[in-house]
Amino acid sequence: MSSPSPKSPEQSEKSRKYDRQLRLWGDHGQKLLEGSKICLINATALGTEILKSLVLPGIGAFTIVDGEKVTEEDVGCNFFLDETHIGMSRAQAATESLLELNRDVRGDYIDDFPDHVMLHTQDFFNNFNVIIATALPEKVLMPLSKQLWSANIPFLVCRSVGFLGYVRLQIKEHTVIETHPDNETPDLQLDRPWPSLMEHLEQVDVSNFGTKERSHVPALTILYHYLQQFKSENGGLLPKTHAEKDKLRNIIRNSLPSENDILEENYEQAVKFVNVCVNCTCVPNHIQKILDDELCINLTFESSPFWVMCAALREMVQSEGALPIRGSLPDMAADTASFISLQQLYMRQAHSQMESLYRRAVQISRSLGQSTDAITEAEAKLFCKHASELHVFRGKCIADEYQSNSPSASLHLEDPESLMFYYVILRGLESFIDEYNAYPGQYDDHVEPDVLKLKTLIGKLLTEWGCPTVAISDDRVHEVCRYGGAELHSVSAVLAGCTAHETIKLITHQFKPINNTFIYDAITSTSATFVL
Amino acid sequence: MSEHQGVSQKRWGHLRKVLERPGPFSHPDFEPSSEILDFIMTTCKLLVIGAGGLGCELLKDLALMGFKQIHVIDMDTIELSNLNRQFLFRQEDIGSSKAEVAASFINRKVKGCQVTPHFCKIQDYDETFYRQFHLVVCGLDSIVARRWINGMLISLLNYEDGTLDQTSIIPMIDGGTEGFKGHARVILPGVSACIDCTLDLYPPQITYPLCTIANTPRLPEHCIEYVKIIQWPKENPWGSLIDGDDPQHILWIYEKSLERSTQFNIVGVTYRLVQGVVKNIIPAVASTNAVIAAMCATEVFKLATSCCVPLNNYLVFNDVDGIYTYTFEAEKKENCLACSQIPQTLLIQDPEQMKLKNLLDVFCESAAYQMKNPGLTTYINGKNKTLYISTIKNIEEKTRENLTKTLLELGLQDGSEIMVADLTSPNVLSVRLKFASKNVDT
Ligand SMILES: [Zn+2]
């Protein structure tokens with residue numbers, strides 16, 4: 001019987017606790033999460049629910065900035081505040097409750113309003129990896145948005161009112177290596193086999209095989225064989241059109257003895273591969289755009305490893321004409337040896353291309369005078385493997401949009417069903433709060449007059465945007481006044497889960513974040529995302 | 001007004017605004033009044049099934065949406081790997097009942113809320129238990145359990161002269177997550193699409209052909225499956241079945257899988273992968289559970305109060321690339337196994353050749369049935385006859401020989417009725433066999 005092996009890292013208590021999420025963003029994603037510092041402005045129900053979904057997976061630390069005292073209404077919708085907290089600092093009460101969730105996480109609080117904090121400690125908010133604000137008044141949002149924009153610190157702004165809410169992301173630039181696309185097409189590069197692959201594939205003449213031998217051959221080898229036949233019959237060209245691809249599929253199908261009325265599994269797979277795997281290997285547009293980016297071409301001492309590696313990739317693409325190969329193969333019906341030898345060829349090729357990219361990147365980094373460990377091999381490996389899914393996100397400054405007189409919001413107002421109208425109404429609501437220091441409809445006997453006031457403010461906003469003729473449905477304005485600023489826990493919890501995950505995306509540099517405003521309508525259970 | 005009421009009036013001010021004021025988007029039946037909050041606080045009785053990732057969130061969400069009469073049922077105990085998302089549990093709760101710990105946490109934290117825990121299987125209760133609830137919310141990871149409760153709620157429906165008695169409907173709100181994906185749906189049993197109507201929305205579990213596992217392994221998963229299916233029963237290192245929660249078992253499978261993969265030059269067998277394959281682990285994270293549970297709770301609130309029109313009837317969520325939701329109306333299947341009133345028929349192509357075990361395969365493998373271990377009985381000449389039941393040992397032994405008999409040899413005829421009992425439903429399904437006619441021209 002086996003003796004207990006030395007404690008492997010996978011069995012540590014921490015990795016057992018975080019097992020279910022490590023399967024999503026890996027140990028490297030978790031490490032970034034554990035090193036992160038998050039700031040929450042205003043411990044509303046929305047705010048504490050966001051932090052809950054960040055404390056549980058194990059961020060490094062959080063700070064809550066909130067000058068409010070806990071009220072009875074807070075207790076009615078915020079799980080982290082109870083009767084015993086009424087009258088206490090909301091920042092303190094929420095911090096204490098949230099810390100109970102995970103002993104690995106540190107947390108502190110500032111019992112003061114964010115504008116005061118900005119005034120006293122100018123760069124206070126620059127000390128975090130992500131700033132999240134809920135229920136932030138416009139007059140604080142404006143300067144904070146500008147400050148974080150110039151400091152290039154990700155800023156998430158959210159609001160939850162009644163059955164409505166939004167999450168907005170402001171970030172100057174954000175780069176992602178692992179976007180985790182849902183379905184990837186295999187990267188086989190059969191149109192440009194490297195010498196050792198070509199040699200391997202040409203050894204196999206599948207057309208001379210008997211049934212048993214034939215069943216051992218991976219689809220890729222079959223495909224390559226008949227692709228050569230197709231090319232030799234078609235002036236050396238790859239099949240491009242649907243008709244040409246059909247022709248190749250028929251060559252594969254008809255290559256089997258006629259008594260086979262059902263195709264063998266590996267032949268079936270070869271036929272399936274025709275559509276996506278015999279295309280000309282080229283650099284996808286979205287990657288070429290990244291390689292032609294200013295930041296990729298004009299590197300400086302300050303350039304991030306991402307851009308240094310992009311520059312190395314650019315050099316490589318210029319000399320090789322293609323992205324480095326991914327190096328992984330989909331499973332194919334075959335005997336073990338045939339499949340594994342093919343898999344190893346792809347792995348070796350990927351490895352040697354990775355080494356070459358890594359060497360180039362280190363060289364570039366050194367020539368920029370960066371420290372010797374600026375580029376790590378592990379990062380270069382990851383970068384190479386995911387070279388076809390790189391993503392660069394460039395956002396907009398919220399303050400610029402608020403102060404613009406032709407914001408992109410106005411472009412989305414043609415469809416009367418568009419959720420953009422709720423954005424406009426919520427912007428009106430923010431003006432209302434600034435002007436009247438209350439939510440529209442906050443007091444029972446003010447609902448009707450507030451509808452008129454809110455409509456006036458929205459009209460003003462639309463006039464400023466140069467679209468005074470756009471009509472906002474009375475029903476929607478009325479609905480927002482019905483809420484009177486009520487925060488419904490379950491609506492906040494939806495928005496909070498979304499915001500927490502966006503935060504995780506920003507910290508781990510995995511998955512694509514929202515671009516840039518997500519609007520949620522719980523009345524109809526629908527949502528939409530707009531670029532504002 | 002008493003002082004206590006004054007406090008509660010203020011505390012629930014958020015809910016009162018949407019419940020005591022008219023709204024242009026509310027349900028036609030909605031009449032704003034303070035009685036609605038009274039109803040959800042004192043009368044409305046909810047059942048939450050599952051106290052795991054979704055269940056913990058659901059209990060919190062529902063308690064803060066004003067519901068006080070909540071029951072929660074879960075047969076599981078708390079494990080370390082739950083703590084990254086099941087926020088009502090702490091390190092010191094490991095090993096305790098999820099339902100009990102969750103209930104007492106909510107009752108402590110949300111004053112006035114009365115969560116009643118049930119530390120048992122859903123199958124341990126019958127219709128008298130389920131009938132008491134106004135709504136049922138599911139936070140389950142098992143399709144079998146979803147189908148069972150779906151069948152239970154359908155069995156509670158009353159039809160009078162073929163018309164459904166609306167008061168017998170207990171709405172079921174179902175949530176599910178996997179990684180960054182999830183769904184929330186509203187089911188009005190007998191009225192809208194039920195779980196069985198949409199069985200094809202659930203992907204079948206990945207299985208590998210036995211010959212690949214045994215003879216031509218290519219993936220690390222093939223090596224792990226080999227150890228699990230072939231090597232473990234043969235060597236039987238602890239004289240027991242595999243226990244995925246026993247680290248020694250996992251370690252043994254890991255080492256043997258690694259040995260096998262080395263022998264075949266296969267890369268990628270890791271401890272984490274072994275654990276994932278053996279325990280069929282579904283990745284899970286706090287944020288997705290929070291979103292889906294909250295969407296379900298919002299629908300419960302809408303259904304219970306009519307303050308808004310409920311979701312019609314299916315929402316899918318994915319936040320891998322931005323945040324995406326899609327809402328559509330899943331359609332009721334006319335010949336649904338669970339909710340249709342039409343008798344089921346099963347076409348038998350070749351009654352002379354078809355053996356009972358082939359019939360069992362149809363029930364287990366075809367997309368329409370997806371059963372687990374169906375037990376079959378029938379009537380022959382007015383007498384009850386057991387064809388095969390695998391779940392009761394002595395009956396299994398007595399009926400095993402039937403498996404290799406053809407349907408004709410068993411006395412089954414065109415039009416024979418077969419009663420099928422399975423884990424996927426509390427109800428026995430009656431299926432009429434229809435033998436294909438020999439004459440192809442007609
Ligand atoms: Zn159905």
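The values are calculated or read from the model by the stated rules, or taken from the named source; none is laboratory data. Since the structure is predicted, the reported quantities are computational estimates derived from the model, not experimental observations. Every residue, glycine as well, gets a Cβ built from its backbone with ideal geometry; the counts of neighbours run over all protein chains shown. Calculation scope for accessible area: heavy atoms of the full protein, side chains included, ligands and nucleic acids excluded. Shrake-Rupley method; radii C 1.70, N 1.55, O 1.52, S 1.80 Å.
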Worksheet item: Which pairs have Cβ atoms under 6 Å, sit 6 or more apart or on different chains, and link a residue in segment B:337-350 that is assigned by the TED database to the domain that holds residue B:376 and assigned to a loop (DSSP other than H, G, I, E, B) to one that is open to solvent by less than 90 Å² (accessible area, probe 1.4 Å) and more than 15 Å from the ligand (Cβ to nearest atom)?
Response: B:349/B:436
Worksheet item: Which fully enclosed strands (runs of 3 or more DSSP E) of segment B:383-442 have 1 or more residues being over 30 Å from residue B:142 (Cα atoms)?
Response: B:383-388, B:429-435
Response to the item:
residue B:309: passes all of (1) modelled with pLDDT of 95 or more; (2) outside any helix (DSSP H, G or I); (3) more than 16 Å from the ligand (Cβ to nearest atom) but (1)
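Name the one entry in A:65, A:70 that is modelled with pLDDT of 95 or more, surrounded by 21 or more Cβ atoms within 10 Å (Cβ to Cβ), over 29 Å from residue B:102 (Cβ atoms) and of a type outside the set (D, E, K, R).
When all the criteria are applied, what remains is A:65.
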Response to the item:
Of the residues in segment B:103-133 that are part of a helix (DSSP H, G or I) and of a type in the set (A, V, I, L, M), the one that is nearest to the chain's Cα centre (by Cα) is B:122
Discussion item. What's the total number of residues in segment B:399-415 that are touching a Ser or Thr at 6+ places or on another chain (Cβ under 9 Å), open to solvent by less than 80 Å² (accessible area, probe 1.4 Å) and touching a residue at least 24 places away in the same chain (Cβ under 8 Å)?
Written reply: 5
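For every residue, the table says whether it meets (1) closer than 16 Å to residue A:497 by Cβ; (2) crowded, with 20+ Cβ neighbours inside 10 Å.
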| position | (1), (2) |
| --- | --- |
| A:133 | no, yes |
| A:139 | no, no |
| A:142 | no, no |
| A:146 | no, no |
| A:150 | no, no |
| A:154 | no, yes |
| A:161 | no, yes |
| A:167 | yes, yes |
| A:170 | no, yes |
Response to the item:
Counting only residues that are without any contact (Cβ under 8 Å) to a residue 12 or more places away in the chain, open to solvent by 100 Å² or more (accessible area, probe 1.4 Å) and within 12 Å of the ligand (Cβ to nearest atom), segment B:326-336 contains a total of 1
Discussion item. With the requirement that a residue be open to solvent by 60 Å² or more (accessible area, probe 1.4 Å), in a helix (DSSP H, G or I) and either more than 8 Å from chain B (Cβ to nearest Cβ) or at pLDDT 95 or above (or both), what does segment A:3-52 give you?
Written reply: A:9, A:14, A:23, A:27, A:28, A:31, A:32, A:34
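Away from the ligand (no atom under 16 Å from the Cβ) and closer than 30 Å to residue A:20 by Cβ: is that true of residue B:162 in this structure?
Details: away from the ligand (no atom under 16 Å from the Cβ): yes; closer than 30 Å to residue A:20 by Cβ: no.
The answer is no for residue B:162.
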Item to complete: Kindly indicate whether residue B:208 is open to solvent by 20 Å² or more (accessible area, probe 1.4 Å), at pLDDT below 95 and hydroxyl-bearing (Ser, Thr, Tyr).
Response: yes
Worksheet, complete the sentence: Scanning segment B:186-226 for residues that are aromatic (Phe, Trp, Tyr) and away from the ligand (no atom under 16 Å from the Cβ), the one nearest to the other protein chains (Cβ to nearest Cβ) turns out to be B:208
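So that you can scan it fast, the table gives a plain yes or no per residue for (1) open to solvent by less than 20 Å² (accessible area, probe 1.4 Å); (2) outside any helix (DSSP H, G or I); (3) more than 14 Å from chain B (Cβ to nearest Cβ):
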{"position": "A:296", "(1), (2), (3)": "yes, no, yes"}
{"position": "A:314", "(1), (2), (3)": "no, no, yes"}
{"position": "A:334", "(1), (2), (3)": "yes, yes, no"}
{"position": "A:338", "(1), (2), (3)": "no, no, no"}
{"position": "A:343", "(1), (2), (3)": "no, no, no"}
Discussion item. Can you tell me which condition residue A:432 does not meet? The list is (1) open to solvent by 30 Å² or more (accessible area, probe 1.4 Å); (2) farther than 22 Å from residue A:515 by Cβ, and all the others hold.
Written reply: (1)
Fill in: Odd one out for residue B:31, checked against (1) in a loop (DSSP other than H, G, I, E, B); (2) open to solvent by less than 20 Å² (accessible area, probe 1.4 Å)
(2)
Response to the item:
Looking across segment B:337-365 at residues that are under 22 Å from residue B:414 (Cα atoms) and within 16 Å of the ligand (Cβ to nearest atom), the single one that is surrounded by the fewest Cβ atoms within 10 Å (Cβ to Cβ) is B:342
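Looking for whichever is crowded, with 19+ Cβ neighbours inside 10 Å, within 16 Å of the ligand (Cβ to nearest atom) and at pLDDT 95 or above here; the options are B:314, B:254. Which one fits?
B:314 is the lone residue from the list that is crowded, with 19+ Cβ neighbours inside 10 Å, within 16 Å of the ligand (Cβ to nearest atom) and at pLDDT 95 or above.
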Worksheet item: Within segment B:33-49, can one find any residue that is more than 14 Å from chain A (Cβ to nearest Cβ), aromatic (Phe, Trp, Tyr), farther than 23 Å from residue A:51 by Cα and in contact (Cβ under 8 Å) with a residue 40 or more places away in the chain?
Response: yes
